1. Determine, yes or no, whether residue 192 is within 16 Å of the ligand (Cβ to nearest atom), more than 26 Å from residue 48 (Cα to Cα) and either crowded, with 22+ Cβ neighbours inside 10 Å or modelled with pLDDT under 95 (or both).
2. Being free of Cβ contacts under 8 Å to residues at least 40 places away in the same chain and farther than 28 Å from residue 70 by Cβ is the filter here, so list the residues in region 293-319 that pass it.
3. For region 193-225, what are the residues that are closer than 19 Å to residue 238 by Cβ and of a type in the set (Asp, Glu)?
4. Go through 233, 251 for me and flag whichever is more than 23 Å from residue 351 (Cβ to Cβ), part of a helix (DSSP H, G or I) and modelled with pLDDT of 95 or more.
5. Confirm whether residue 376 is crowded, with 21+ Cβ neighbours inside 10 Å and within 30 Å of residue 142 (Cβ to Cβ).
6. How do the pairs read when you match residues in region 362-390 that are at positive phi with residues anywhere that are away from the ligand (no atom under 12 Å from the Cβ) and not in a helix (DSSP H, G or I), using Cβ under 7 Å and keeping only pairs 6 or more apart or on different chains?
7. Which of (1) within 16 Å of the ligand (Cβ to nearest atom); (2) modelled with pLDDT of 95 or more is the odd one out, the single condition residue 257 does not satisfy?
8. For the structure I just gave you, tell me whether residue 219 is at pLDDT 95 or above, within 15 Å of the ligand (Cβ to nearest atom), of a type in the set (Asp, Glu) and in contact with a Gly (Cβ under 7 Å, 6 or more places away or on another chain).
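The values are calculated or read from the model by the stated rules, or taken from the named source; none is laboratory data. Keep in mind that this is a model prediction, so the values were computed, not measured. Here the Cβ positions follow ideal geometry from the backbone for every residue, glycine too, while neighbour counts run over all protein chains shown.
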Amino acid sequence: MSIVDTPERRQLRELTRAFVTREVLPHLAEWERAGEVPRELHATAAKIGLLGIGFPESVGGSGGDLLDSIVVTEEIIRSGGSSGLIAALFTHGIALPHMVAAAGGQSGGLLRGRLGGGQVRGDDDLVDRYVRPTLAGTMIGALAITEPDGGSDVAAIRTTARREGDHYVVNGSKTYITSGVRADFVTTAVCTDFPGSGELSLLVIDKGTPGFTVGRRLEKLGWHCSDTAELSFVDVRVPLTNRIGEENTGFLAIMQHFAAERLSLATQAYATAQRCVELATRWCRDRATFGRPLASRQLVRHRLAEMHTRAEAARAYVHEVAARVAAGEPVVTEVAMAKNVAVAACDQVVDQALQLHGGFGYLRDAEVERHYRDARILGIGGGTTEIMNEIIAKGMGL
Ligand SMILES: Cc1cc2nc3c(=O)[nH]c(=O)nc-3n(C[C@H](O)[C@H](O)[C@H](O)COP(=O)(O)OP(=O)(O)OC[C@H]3O[C@@H](n4cnc5c(N)ncnc54)[C@H](O)[C@@H]3O)c2cc1C
């Protein structure tokens, strides 16, 4: 039995499938054209407890762990949703964890103690102002690390935050920011020393703060229902109380939370592959050429068998690594390998699934066409395949 195949997780799977069938599938094509998902979808997902999966109840979440989040991610795609939808609706999965961790709210634990005399710790205050409303579906958050000069080298961030009294003054720009157009606040990586020094902090910056502008909506190959933006900061005054954790702890915080993001992307990759195997299998049973169904030909059957094997092997490995992460094991190298294994499986499977669909696979009407475009980002976002290889090589002592 798979580690994610418990009675509770089967229920979670059913809840997710019902949500996708009822709330997503009738509208997904329209959202793809609009370039974003509606805010009401966040509220609907929150109401049934989906948005808060993986976040402790003490911060407004629904409880559950990384494996529960994986079940939701997997089922959204397997029931006809998309990785683009996950990027748009679950951006809080990358925007909030640093705040929750800084408040001591990880693993369902209680928030770290409040200061005496009723004074609220800065991080607890951030939980009340940003985490709870976001998990309730009334606010949208984004995470801004990448800059126009580069994304892979996180330590080279050039957006600066200079201290001035009880504020930081932020200057710089970010790009490719998921949900950046719609976001009410942005968890922003800034340099609290000289640009490129690697001394990073995370600040929560509200939309509407003078000097903070959201630039154009970026047009993309895939993930069309997920809005992506450029952000600019010119002398933006951010209260010190909007800093997450201590000053100069941002780099470590970013690295610590990359594991969950990378495993989510790995899940999106193998689930996309699984969905494409299903779509291609159905197609090959129904489609006849030269008087016989495609699936009656050994070459086609073997191709489908290989696609299925790749998807299932990736799924098993991602689950194993996720279980180790959930158990608190420091498996940075394995997370990088899991992402690369799943992305490679996905790339091969979506390509072959489209090919098996023939001309129809190239049309907007074909679901496989969307997966083909959406899949391309999975080896780029959250650390590229090459950066994963760097981590793996380091893990090998090279
Ligand atoms: C749709 C989309 C959504 C995104 N969402 C977000 C978001 O919400 N927040 C956010 O902060 N960022 C986001 N990103 C940015 C994403 O994380 C970066 O694009 C990614 O980290 C790569 O950075 P880069 O584009 O600057 O490429 P670069 O770092 O410039 O790399 C370019 C190429 O060089 C390779 N390379 C770099 N260094 C090395 C090396 N040492 N050895 C070998 N090869 C190397 C890379 O693998 C890549 O192939 C998003 C991007 C896209 C396209």
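1. It is false that residue 192 is within 16 Å of the ligand (Cβ to nearest atom), more than 26 Å from residue 48 (Cα to Cα) and either crowded, with 22+ Cβ neighbours inside 10 Å or modelled with pLDDT under 95 (or both).
2. Residues satisfying the conditions are 293, 295, 296, 297, 298, 299, 301, 302.
3. Residues satisfying the conditions are 193, 199, 206.
4. Exactly one residue qualifies, and that residue is 251.
5. Values: crowded, with 21+ Cβ neighbours inside 10 Å: no; within 30 Å of residue 142 (Cβ to Cβ): yes.
So residue 376 does not fit the description; no.
6. Going by the 7 Å Cβ cut-off, there are no qualifying pairs.
7. (2)
8. Details: at pLDDT 95 or above: yes; within 15 Å of the ligand (Cβ to nearest atom): yes; of a type in the set (Asp, Glu): yes; in contact with a Gly (Cβ under 7 Å, 6 or more places away or on another chain): no.
So residue 219 does not fit the description; no.
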